[in-house]
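J.: There's a structure below that I have some questions on.
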Amino acid sequence: MIARRGWEAITAGLAALLIGLYSVNGVLELVAVAAFGFLATEMIAFEWRFRGFGPAWFRVDRSGGPRRVPCDGDLSTSVELTYPRGPGFRADVYDVLPEAFDLLEGNPRSSTYISAGATVRVSYTVRPRVRGAYVLGPTFVVARDALGLCYRATLIRSDRPLTVVPASFVGRLGRLGVALFSRVQVGLSMRRRGFGTEFRSLRPYQTTDDIRHIAWKRSTLQQLLVKEFDQESRQEFLVALDLTTSMDAGLWGRNALDVSVEASALLTNLIAHQSEDRIGLLTYAGGVYQYLPPGRGPAHYRRLFDNLALASHRPGGCPLPALLSEATKRLGLRTHLFVFTAADGPLKDLDEAYAILRAHGHRAYLFVPERAGFYPDPPGDGRTAAMEWARSEELGRFHRTLATIRSEGIPVFPFDRRGAGDRVLFAYTQIRAWGTVR
Amino acid sequence: MNPDLRRYRVLAVGPVFAFAMGSLLVAVVGWSPLAYLVALVVALPLLAAAWPDRLPWLLAPSMALFLLVAVVTWFAQTVPTGAGGDLIAGTLLGLPLWFLGIAIGTPERPGISLLALEAGLLESVATFSALATLPSDPSPTESEFLTAWFLIDGHHLGALASALTGAGLVGGPSFPLASYADPVFVALAFLAVGGLLLPMLRSENAPTVGVPRPPRRDLAPTVRRVPPPILYATALPPTGSRPPPGAGLLPVAGAVLAVLGFEVVGLVAPAYTFTLVTLGALAAVLFLGLLVRARRSPRNPTAVPALPKRATSRPSAARPPSA
């Protein structure tokens with residue numbers, strides 16, 4: 001291939017020959033012939049030598065490494081290219097990186113001279129920014145002639161799949177003791193008075209107590225006693241993700257679904273760290289797309305994280321009543337349902353679906369993205385009247401939806417592009433402390 | 001290009017233009033200050049030897065002057081006199097240094113340098129030929145010089161037209177520019193072309209070819225702009241960068257062979273010299289095109305692997321719902 005510089009040179013050489021022809025002057029023609037001969041020889045010689053240039057000219061080895069990396073993790077890798085035989089050349093060796101990876105150390109590119117028997121190694125450390133499935137590589141090798149007039153590029157397959165799972169900062173708190181033998185985990189007391197089934201003690205009746213908890217056999221006419229219960233020590237959680245395109249609002253890598261997945265991963269991490277509760281996953285778009293029943297254990301958490309990493313939008317809608325009904329059908333034990341949804345679908349029959357859910361002992365908490373807040377303000381004059389109007393319309397729709405949902409008694413936690421982690425942490429803390437969100 | 005080599009390039013290319021400029025200055029003593037001032041402005045690109053990256057700005061005043069000269073020549077209908085004549089004469093006076101400035105101010109673009117050198121040499125030959133038709137004592141005035149310059153060019157174009165319409169190059173009309181072959185000029189011209197091309201053999205920083213990269217989209221800002229220290233850096237260090245040894249003498253051999261061929265043909269069959277040069281150049285370009293085209297042909301699809309699709313940043317494999 002002829003580079004731009006090469007085209008320029010060959011065109012100038014021809015123009016110089018033309019000038020020599022125009023002048024009919026032997027000196028000028030000789031100068032032009034010498035210059036054209038120089039440039040044309042270099043280009044033809046390079047093209048002739050490298051006419052078969054391809055991946056077969058190289059051996060490539062990619063260093064080993066993990067296939068799963070968290071968003072905030074570092075990945076060190078290297079690619080070694082061996083050139084067994086052939087003419088020497090200037091080379092650009094370039095390992096292709098996904099655009100969502102930040103380079104921390106080293107360089108995936110090397111410009112060097114390669115001769116027969118030489119080895120070129122590029123070595124670097126990256127940090128992925130956005131969850132998902134990626135591929136490291138392939139490796140490009142661009143051979144250039146000494147004058148930069150021609151080049152040949154080839155692509156060497158050295159791909160490596162890599163799954164970037166959501167970040168896991170809870171793990172940094174350190175490994176604590178076995179949860180079953182400890183009453184305190186991650187700063188949260190596990191055993192508290194609550195609404196579970198495990199008997200705790202008796203205490204005198206107060207006017208605010210539920211009369212169904214009165215211990216009639218232990219009470220006297222002078223003093224009524226009520227039974228106190230511990231909250232359930234093993235609680236069930238289910239994360240429900242809305243995968244419709246409504247959750248695609250926001251910038252790439254930071255849209256509503258990404259933020260929801262991040263918050264879900266936080267909840268999963270908290271539960272995995274606490275290692276007593278169980279957590280599952282339900283994704284919904286035009287029906288239930290995935291359902292992982294609540295469970296615990298490293299294999300279950302890995303499966304959950306992989307599915308969270310790969311969660312992406314699907315065609316179809318996500319009406320909230322249908323989602324709650326489907327969850328009710330699948331859940332057996334009393335479960336806390338963390339629903340991340342844009343709540344765009346029709347809310348008709350929400351009262352009935354939620355009543356059935358509650359009747360089965362489940363509780364639902366809604367995390368709704370405020371989609372107008374998922375786009376940062378454009379700088380300077382970018383703020384237009386049209387954008388202001390669109391935002392106000394969206395905000396109006398958002399608040400009407402929230403009002404409808406809240407009127408059914410469902411706790412709602414709105415969030416924007418800054419994240420939903422604090423909302424999830426608050427809800428989880430409340431559940432661990434009081435058995436419900438108060 | 002290596003800055004050290006750039007200095008040699010200036011020293012090699014400069015003399016031929018200095019010779020042309022000096023010869024002209026000696027011959028036209030006594031021209032009006034306006035002509036010298038215009039020549040000075042036209043010669044501004046010479047400063048590109050020190051500041052190559054400012055060449056466009058240095059060229060801007062001379063471009064404006066060239067535009068003015070074109071307007072004056074268009075409306076004058078004949079060889080202009082007075083201020084208009086001074087303007088054009090001053091432009092011609094400064095042109096050798098203008099070409100020199102471009103030739104040495106574009107070290108990373110050999111094509112432009114070569115074209116500037118060749119055009120500068122042509123302009124110098126035209127100037128020398130015009131001066132040869134004028135008496136040396138007294139010194140020719142601006143209008144006399146301009147008249148001679150335009151006459152020489154007109155005669156040359158007329159001779160070319162006559163040759164193309166059937167008279168031929170040999171035994172046909174005389175070409176005013178063809179006969180100039182001052183030995184000093186010839187030697188300096190070859191020094192210049194050598195100085196232009198030979199430093200490229202040791203060039204170490206030819207521009208890199210653009211490597212195809214996936215297009216950037218509307219990315220979220222980098223979460224952490226200042227990377228933290230790496231605790232577990234890669235165990236395998238990268239190999240160091242080796243400087244290339246240069247192009248070797250192959251292109252020089254090609255140039256020598258081309259010149260020798262030209263000389264041999266000129267001695268054996270002078271009438272066909274220019275025809276053979278044309279054919280040779282076309283054959284070289286054709287061969288180069290065939291080599292490049294053969295690379296692109298689909299006969300060997302593995303030779304040119306298709307560019308990879310953009311790295312998947314979103315999950316594509318849909319998993320079936322698990323019960």
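J.: Residue check: is B:L95 open to solvent by 30 Å² or more (accessible area, probe 1.4 Å) and under 17 Å from the mean Cα position of the chain (by Cα)?
T.: So B:L95 fails the test.
J.: With the stretch A:335-429 as the region, which strands (runs of 3 or more DSSP E) entirely inside it contain at least 2 residues that are surrounded by fewer than 17 Cβ atoms within 10 Å (Cβ to Cβ) and aromatic (F, W, Y)?
T.: Passing ranges: none, list empty.
J.: What's the total number of residues in the stretch B:245-276 that are more than 10 Å from chain A (Cβ to nearest Cβ), over 24 Å from the mean Cα position of the chain (by Cα) and not aromatic (F, W, Y)?
T.: 6
J.: Look at A:D74 and say whether it is over 21 Å from A:V141 (Cβ atoms), at pLDDT below 85 and within 9 Å of chain B (Cβ to nearest Cβ).
T.: For A:D74, the condition - over 21 Å from A:V141 (Cβ atoms), at pLDDT below 85 and within 9 Å of chain B (Cβ to nearest Cβ) - is met.
J.: Right, here's the next one. For the stretch A:319-329, enumerate the residues that are in a helix (DSSP H, G or I) and in contact (Cβ under 8 Å) with a residue 12 or more places away in the chain.
T.: A:L320, A:P321, A:A322, A:L323, A:L324, A:S325, A:E326, A:A327, A:T328
J.: From the list B:V38, B:V10, B:V26, B:V71, which residue is more than 21 Å from B:F128 (Cα to Cα), more than 19 Å from the chain's Cα centre (by Cα) and in a helix (DSSP H, G or I)?
T.: Just a single option satisfies the conditions, and that option is B:V71.
J.: So, one more: Evaluate the stretch A:263-277: report whether one residue or more is part of a loop (DSSP other than H, G, I, E, B) and either surrounded by fewer than 22 Cβ atoms within 10 Å (Cβ to Cβ) or in contact with a Cys (Cβ under 8 Å, 6 or more places away or on another chain) (or both).
T.: Yes, the conditions are met somewhere in the stretch A:263-277.
J.: Can you tell me which residue in the stretch A:28-64 is farthest from the other protein chains (Cβ to nearest Cβ), limited to those that are part of a helix (DSSP H, G or I), surrounded by 15 or more Cβ atoms within 10 Å (Cβ to Cβ) and touching a Ser or Thr at 6+ places or on another chain (Cβ under 9 Å)?
T.: The extreme case among them is A:W57.
J.: Next up: Which residue out of A:D145, A:D102 is over 30 Å from B:M200 (Cβ atoms) and of a type in the set (D, E, K, R)?
T.: A:D102
J.: Moving on to the next point. Do the conditions hold for A:Y301, that is, is it assigned to a strand (DSSP E or B) and in contact with a helix residue (DSSP H, G or I) (Cβ under 8 Å, 6 or more places away or on another chain)?
T.: No: the conditions fail for A:Y301.
J.: Go through (1) more than 9 Å from chain B (Cβ to nearest Cβ); (2) modelled with pLDDT of 85 or more and name the single condition A:R67 misses.
T.: For A:R67, the exception is condition (2).
J.: Could you tell me whether the stretch A:230-238 includes any residue that is under 20 Å from the mean Cα position of the chain (by Cα) and either open to solvent by 20 Å² or more (accessible area, probe 1.4 Å) or of a type in the set (A, V, I, L, M) (or both)?
T.: There is at least one residue in the stretch A:230-238 that is under 20 Å from the mean Cα position of the chain (by Cα) and either open to solvent by 20 Å² or more (accessible area, probe 1.4 Å) or of a type in the set (A, V, I, L, M) (or both).
J.: Return yes when A:L147 is touching a residue at least 12 places away in the same chain (Cβ under 8 Å), within 8 Å of another protein chain (Cβ to nearest Cβ), under 20 Å from B:R242 (Cβ atoms) and not in a strand (DSSP E or B) and no when it is not.
T.: Yes; evaluated as a whole, the condition is true for this residue.
J.: Here's another thing I want to ask about it. In the stretch B:240-264, which residues are open to solvent by 60 Å² or more (accessible area, probe 1.4 Å) and either within 23 Å of A:A91 (Cα to Cα) or of a type in the set (V, I, T) (or both)?
T.: Scanning the stretch B:240-264 gives B:S241, B:R242, B:P243, B:P245, B:L249, B:L250, B:V256, B:V264.
J.: Determine, yes or no, whether A:V120 is assigned to a strand (DSSP E or B), open to solvent by less than 20 Å² (accessible area, probe 1.4 Å) and facing chain B (nearest Cβ under 9 Å).
T.: Judged against the criteria, A:V120 is a match.
J.: A further question follows. Only residues that are outside any loop (DSSP other than H, G, I, E, B) and either more than 7 Å from every other protein chain (Cβ to nearest Cβ) or closer than 14 Å to A:L75 by Cβ (or both): list them for the stretch A:102-117, please.
T.: Matches in the stretch A:102-117: A:D102, A:L103, A:L104, A:E105, A:G106, A:R109, A:I114.
J.: Would you be able to say whether some residue in the stretch B:286-302 is at pLDDT below 80, assigned to a loop (DSSP other than H, G, I, E, B) and open to solvent by less than 50 Å² (accessible area, probe 1.4 Å)?
T.: yes
J.: With without any contact (Cβ under 8 Å) to a residue 12 or more places away in the chain and on the phi > 0 side of the Ramachandran plot as the only criterion, which of A:G332, A:G297, A:G316 stands out?
T.: Exactly one of A:G332, A:G297, A:G316 is without any contact (Cβ under 8 Å) to a residue 12 or more places away in the chain and on the phi > 0 side of the Ramachandran plot, namely A:G297.
J.: Answer yes or no as to whether A:L18 is in a helix (DSSP H, G or I), open to solvent by 10 Å² or more (accessible area, probe 1.4 Å) and more than 7 Å from every other protein chain (Cβ to nearest Cβ).
T.: Yes.
J.: Within the stretch A:354-366, identify whether any single residue is free of Cβ contacts under 8 Å to residues at least 24 places away in the same chain and of a type outside the set (K, R), and answer yes or no.
T.: yes
J.: Additional query: Just need a number here: residues in the stretch A:79-90 that are at pLDDT 85 or above and either under 26 Å from the mean Cα position of the chain (by Cα) or among the small types (G, A, S) (or both).
T.: 1
J.: Name the one entry in A:L243, A:L257, A:L323, A:L282 that is out of contact with any Gly (no Cβ under 9 Å at 6 or more places or on another chain) and either buried (at least 21 other Cβ atoms within 10 Å of the Cβ) or within 11 Å of another protein chain (Cβ to nearest Cβ) (or both).
T.: Checking each option against the conditions leaves just A:L282.
J.: Determine which single condition A:G6 fails, assuming it passes every other condition in (1) open to solvent by less than 10 Å² (accessible area, probe 1.4 Å); (2) facing another protein chain (nearest Cβ under 7 Å).
T.: Every condition holds for A:G6 apart from (2).
J.: For the stretch A:78-101, give me the residue count where each residue is facing chain B (nearest Cβ under 7 Å) and either touching a His at 6+ places or on another chain (Cβ under 9 Å) or not hydrophobic (A, V, I, L, M, F, W, C) (or both).
T.: Looking only at that region, the number is 6.
J.: What about A:L147, is it buried (at least 23 other Cβ atoms within 10 Å of the Cβ) and either in contact with a Leu (Cβ under 7 Å, 6 or more places away or on another chain) or modelled with pLDDT of 85 or more (or both)?
T.: No: the conditions fail for A:L147.
The values are calculated or read from the model by the stated rules, or taken from the named source; none is laboratory data. Remember, predicted model here, so these are calculated numbers, not experimental data. Every residue, glycine as well, gets a Cβ built from its backbone with ideal geometry; the counts of neighbours run over all protein chains shown. The accessibility values were calculated without ligands, DNA or RNA, using every heavy atom of the protein model including side chains. Shrake-Rupley method; radii C 1.70, N 1.55, O 1.52, S 1.80 Å.
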